[in-house]
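Since the structure comes first, as structure tokens, the remarks are kept for the end.
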Amino acid sequence: MSWIQDNKVPAAILGLTGAGVVGLGVMLFNAWSGAGGAQEEFDMANASLARLKGASLAPTPENLAQKQKLVQEYTNEVGKLSLVLYKLQPEDKPTTNTEFQAKLKARIAEIKKAGGGRLPAEFNLAFDQYTSELPKSDQVAAELSTYLDSVEEITRLLLKSGVRSVDQLERSQLASEKSEAEKQPRQASKSKAKGPAKGPAQAAPSAISITERRQVRVVVRADQGALQTLLSALASPSEMPFFTVARLVRIENEAQVGPPRVAVGASPDAALDPAAADSAAAPAPEAAAKPAAASGTQPTPPDSHVVLGRETLRAFIEIDLVKFLNPQASAAGSR
């Protein structure tokens, strides 16, 4: 008699299991084949869509009108945004030459008094030349007056954040400050880069400028907390009324080598001072002679020590002062 006839129940179970495995394998194969076909169709459709997006528009009047409409909508939205930002920034108030110079000298005296010895000996808020000479015109004086307010606000933030010293403060000159001799080399270099000048009929339309970037460069010495406070204040509208961007920050650590290994029980400050570490490693004879149980309890040695975080940092920060121009006046001037 065969095994199947002798074991009908186990044979039936094995047969059903084998049929189920075969059926499941067929289902998995069909599903895998269907998924592969769907993936191929998706890749083909995605590649076709990418080609359509990257293709150039056909030079038809309908496409040209549609593109011009989209460009005009974008220009209008940018103009609205720039007009709002222009109204939010401090306004240039009319100022004469003599008023600006008197204001500059008064602000220098105030900021030196508030500095408390943390400013350089010769510190004129980066407006050194105007302590002995007047601006070219009242219009230039008005622009310089707002520029002075922004530089003074940055200096006050430096002092308020708790920096240990302000080693350097520089600013970029305004276009109205520069002489004609300084402007001509730049204009010549720009014309060379663009190539030969075009004729009146081929002149390219001038771009509308809605912003003017002014740069203030500072070098300060501070700890980590003061530096973090300063960078946060520069980006805070409640702390800084002008539009500022810390575009470049370079930090140099005062400690160029790692701290020495200290003995267990040394103070955290000893991790940063080799002399303190040596004194902590070799206790005084009087302290060694005293019994440990004099106070009744054995002091627990600290399980951690400060390794990094208390060093003085030397930071170079390049701050962009973004001045938004009147978009309506800029558009009218470019026509």
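What follows draws every value from the coordinates through simple rules; no lab data is involved. None of these values were measured; they are calculated from a predicted model. Here Cβ is always computed from backbone atoms with ideal geometry, including for glycine, and neighbour counts include all displayed protein chains.
Less than 11 Å Cβ to Cβ from Phe242, Lys/Arg counted +1 and Asp/Glu -1: what total charge do the surrounding residues give? In short, -3.
Of the cross-linked pairs Lys69/Lys323; Lys87/Lys160; Lys112/Lys160, those separated by over 19 Å at the C-alpha level are Lys69/Lys323; Lys87/Lys160.
Each of Ser137, Ser56 was scored by other Cβ atoms within 10 Å of its Cβ. Listed from fewest to most, they are Ser56, Ser137. Taking a Cβ cut-off of under 11 Å around Ser165, the surrounding Lys, Arg, Asp and Glu residues balance to a net charge of +3, with basic ones at +1 and acidic ones at -1.
What number comes out for the charge environment of Ala109, summing +1 per Lys or Arg and -1 per Asp or Glu over other residues with Cβ under 13 Å away? Spell out each step's value before the answer.
Working: positive: Lys103, Lys105, Arg107, Lys112, Lys113; negative: Glu110, Glu152.
Charge balance in the 13 Å sphere: +3.
Ranked for footprinting exposure by Cβ neighbours inside 10 Å, fewest first, Leu248, Leu148, Leu158, Leu231 give Leu248, Leu231, Leu148, Leu158. Cβ crowding within 10 Å, taken as a proxy for footprinting-reagent exposure, orders Tyr74, Tyr147 from fewest neighbours to most as Tyr74, Tyr147.
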